[in-house]
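For reference, the structure discussed in these notes is given below.
The values are calculated or read from the model by the stated rules, or taken from the named source; none is laboratory data. Predicted model only: the values in this text are computed from it and were never measured. Backbone-built Cβ (ideal geometry, glycine too); neighbour counts: all protein chains shown.
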Amino acid sequence: MKTYSIREVLENIGQMPETWFYLPATTWTLDTKGAFSLDSWDFPPDSTDYLPPQVASEGWKASLDKASIEDVISNLDQQLPNPTIDEYFEAFKFYFENDAFIVL
């Protein structure tokens, strides 16, 4: 599966797959690489073949799905006139950790 840095995902969310973004179980930076899953609807209910191989081999975990990442970006755009990539990243991490939008 193709990998993307968090930076690439935040800067190009419109071109990303409509699925979950998986990341390593480490401290993330903007350059941390992750992968989107395939669409689970295309696989049998008991299959995990839609997951990036790193989930099983390296313990990667689901972060957010594309729709949630779009919501995080949109929410920050409503709060700040010109958010930076670092602010988007902080909002992404905050949402992942708190299941809520960051308030600035």
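Tell me yes or no: at least one residue of the stretch 37-45 is touching a Phe, Trp or Tyr at 6+ places or on another chain (Cβ under 6 Å) and hydrophobic (A, V, I, L, M, F, W, C). Spell out the reasoning first.
Filtering the stretch 37-45 for residues touching a Phe, Trp or Tyr at 6+ places or on another chain (Cβ under 6 Å) gives 37-38, 40, 43.
When the remaining residues are screened for being hydrophobic (A, V, I, L, M, F, W, C), the result is 38, 43.
Checking the stretch 37-45: at least one residue is touching a Phe, Trp or Tyr at 6+ places or on another chain (Cβ under 6 Å) and hydrophobic (A, V, I, L, M, F, W, C).
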Using the structure shown, decide if Ser47 is modelled with pLDDT of 95 or more, of a type in the set (Ser, Thr, Tyr) and more than 14 Å from the chain's Cα centre (by Cα).
no
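Of all the helices (runs of 4 or more DSSP H) wholly in the stretch 30-104, which have at least 3 residues that are closer than 22 Å to Glu11 by Cβ and of a type in the set (A, V, I, L, M, F, W, C)? Let's see the steps before the verdict.
Details: elements: 53-58, 66-79, 85-98.
Fully inside the stretch 30-104 and qualifying: 66-79, 85-98.
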Ser47: surrounded by 10 or more Cβ atoms within 10 Å (Cβ to Cβ), among the polar types (S, T, N, Q) and in contact with a strand residue (DSSP E or B) (Cβ under 8 Å, 6 or more places away or on another chain), yes or no?
no
Take the residues in the stretch 24-44 that are within 26 Å of Lys93 (Cβ to Cβ) and among the acidic types (Asp, Glu), then tell me which one is modelled with the highest pLDDT.
Asp31
Of the conditions (1) outside any helix (DSSP H, G or I); (2) among the aliphatic types (A, V, I, L, M); (3) modelled with pLDDT of 95 or more, Val9 satisfies every one except a single condition; which number is it?
(1)
Complete set of residues in the stretch 38-65 that are without any contact (Cβ under 8 Å) to a residue 24 or more places away in the chain and over 17 Å from Pro17 (Cα atoms)
Pro44, Pro45, Asp46, Ser47, Thr48, Ala56, Ser57
Tyr88 - would you say it is of a type in the set (Phe, Trp, Tyr), farther than 18 Å from Thr3 by Cα and crowded, with 18+ Cβ neighbours inside 10 Å?
yes
Every residue from the stretch 8-27 that is touching a residue at least 60 places away in the same chain (Cβ under 8 Å), buried (at least 17 other Cβ atoms within 10 Å of the Cβ) and out of contact with any helix residue (DSSP H, G or I) (no Cβ under 6 Å at 6 or more places or on another chain)
Val9
